[in-house]
Amino acid sequence: MDPRHNALRRTLDADTPAFGVLDNTYSPAAIEVVGELGFDFVWIDLEHGGPSPWDADALGDLLRAAELTDTELLVRIPEANPSMIRKALDAGVRNLFLSRVEDADEVRDALEAANFEYAGSPGRRGLGGPRSARYGLADDYVGTEDEEICLGVTIETAEAVENIEEILSVPELGFAFLGPNDFSVAYGAPGDLADPEVQAAVETVHDAALAHDVTLGGLTFGMDDAVEKVERGYRLLHVGSTLGALTKTFDDWHDRYEDATR
């Protein structure tokens, strides 16, 4: 049986922008729809909601929906826990990113846990016959799996900004995703993304990622912002959410009905 192939990693390795949608319904049907619409990935955020990151069965169902429509899941877990990383990867997650990392040691430990071999030395990925190995049926699982995994980090705290050069220097880091909302909390301006300190933190991480040739990810706020971010070097771009689309469509429905029937 052929080994798995990670289309999102190939897109990013080619320096091509990848666009995706956050599914905050945690619904296989929603993932199928997003995939049918041609997006490169569906972001599943296990930090702020959803099933337990330890629930391999729940992850498996979401992954099957993505695989059916040739999209990739991008799964964020709530902490850089090596055991949690191994559990998610064995369930079949190929693209994983970590919340609230603050130093290079956390990132290095995570990458060791995610790989059979890392930086020329043995990694700390467990070897068995889980779903990622197609239950033991995949050809050359050990020889190909490390090339199909993409592990990134969310940069969203003041400490991570202070340590950004060291974080981005960790070998084989897949991407760095900017978290401006948490920056606003970290710098004492909750919800104010225009705060000067928040903007300075964003620019510091942006410039460092480009200098280190690390794929940069971020949120977009409308089409003009998406185009501008691609022009500025962002390559992993969130364009909206399933619940956001629902509320945008229906939040003023009653007012529009009243206007139409006056």
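The values are calculated or read from the model by the stated rules, or taken from the named source; none is laboratory data. This is a predicted model, so every value here is computed, not measured. Note that we place each Cβ from the backbone using ideal geometry, even for glycine, and neighbour counts take in every protein chain shown. Side chains are part of the model used for accessible areas, which takes the heavy atoms of the whole protein and leaves out ligands, DNA and RNA. Shrake-Rupley method; radii C 1.70, N 1.55, O 1.52, S 1.80 Å.
Residues in the stretch 43-97 that are of a type in the set (Gly, Ala, Ser) and in contact with a Lys or Arg (Cβ under 7 Å, 6 or more places away or on another chain): 56, 60, 91, 92. Residues of the stretch 240-262 that are open to solvent by 60 Å² or more (accessible area, probe 1.4 Å) and either in contact (Cβ under 8 Å) with a residue 60 or more places away in the chain or in contact with a Lys or Arg (Cβ under 9 Å, 6 or more places away or on another chain) (or both): 243 alone.
Among residues of the stretch 144-163 being under 18 Å from the mean Cα position of the chain (by Cα) and within 28 Å of residue 197 (Cβ to Cβ), the one that is surrounded by the most Cβ atoms within 10 Å (Cβ to Cβ) is 155.
When residue 257 is tested against (1) assigned to a helix (DSSP H, G or I); (2) farther than 30 Å from residue 38 by Cα; (3) of a type outside the set (S, T, N, Q); (4) modelled with pLDDT of 95 or more, just one condition goes unmet, and that condition is (4). Does residue 233 satisfy the condition of being surrounded by 13 or more Cβ atoms within 10 Å (Cβ to Cβ), touching a residue at least 40 places away in the same chain (Cβ under 8 Å) and not aliphatic (A, V, I, L, M)? No, not satisfied. Consider the stretch 124-143 and keep the residues that are closer than 21 Å to residue 8 by Cβ and buried (at least 16 other Cβ atoms within 10 Å of the Cβ). The one that is nearest to the chain's Cα centre (by Cα) is 132. In the stretch 14-24, of all residues being touching a strand residue (DSSP E or B) at 6+ places or on another chain (Cβ under 9 Å) and part of a loop (DSSP other than H, G, I, E, B), the one that is most open to solvent (accessible area, probe 1.4 Å) corresponds to 15. Of the helices (runs of 4 or more DSSP H) that lie entirely inside the stretch 32-140, those containing 1 or more residues that are among the acidic types (Asp, Glu) and without any contact (Cβ under 8 Å) to a residue 40 or more places away in the chain span 56-68, 104-114.
Anything in the stretch 82-110 that is open to solvent by 10 Å² or more (accessible area, probe 1.4 Å) and either among the aromatic types (Phe, Trp, Tyr) or under 25 Å from residue 21 (Cβ atoms) (or both)? List them, or say none.
87, 94, 100 - these are the residues of the stretch 82-110 that are open to solvent by 10 Å² or more (accessible area, probe 1.4 Å) and either among the aromatic types (Phe, Trp, Tyr) or under 25 Å from residue 21 (Cβ atoms) (or both).
Residues that are touching a residue at least 60 places away in the same chain (Cβ under 8 Å): which strands (runs of 3 or more DSSP E) entirely in the stretch 146-223 hold 3 or more of them? Give the derivation first.
Details: elements: 150-155, 176-178, 216-219.
Those strands (runs of 3 or more DSSP E) span 150-155.
If we scan the stretch 72-81, do we find a residue that is open to solvent by 60 Å² or more (accessible area, probe 1.4 Å), more than 30 Å from residue 226 (Cα to Cα) and at pLDDT 95 or above? No, the stretch 72-81 contains no residue that is open to solvent by 60 Å² or more (accessible area, probe 1.4 Å), more than 30 Å from residue 226 (Cα to Cα) and at pLDDT 95 or above.
Just one of (1) of a type outside the set (A, V, I, L, M); (2) loosely packed, with under 15 Cβ neighbours inside 10 Å; (3) farther than 25 Å from residue 20 by Cβ fails for residue 187. It is (2).
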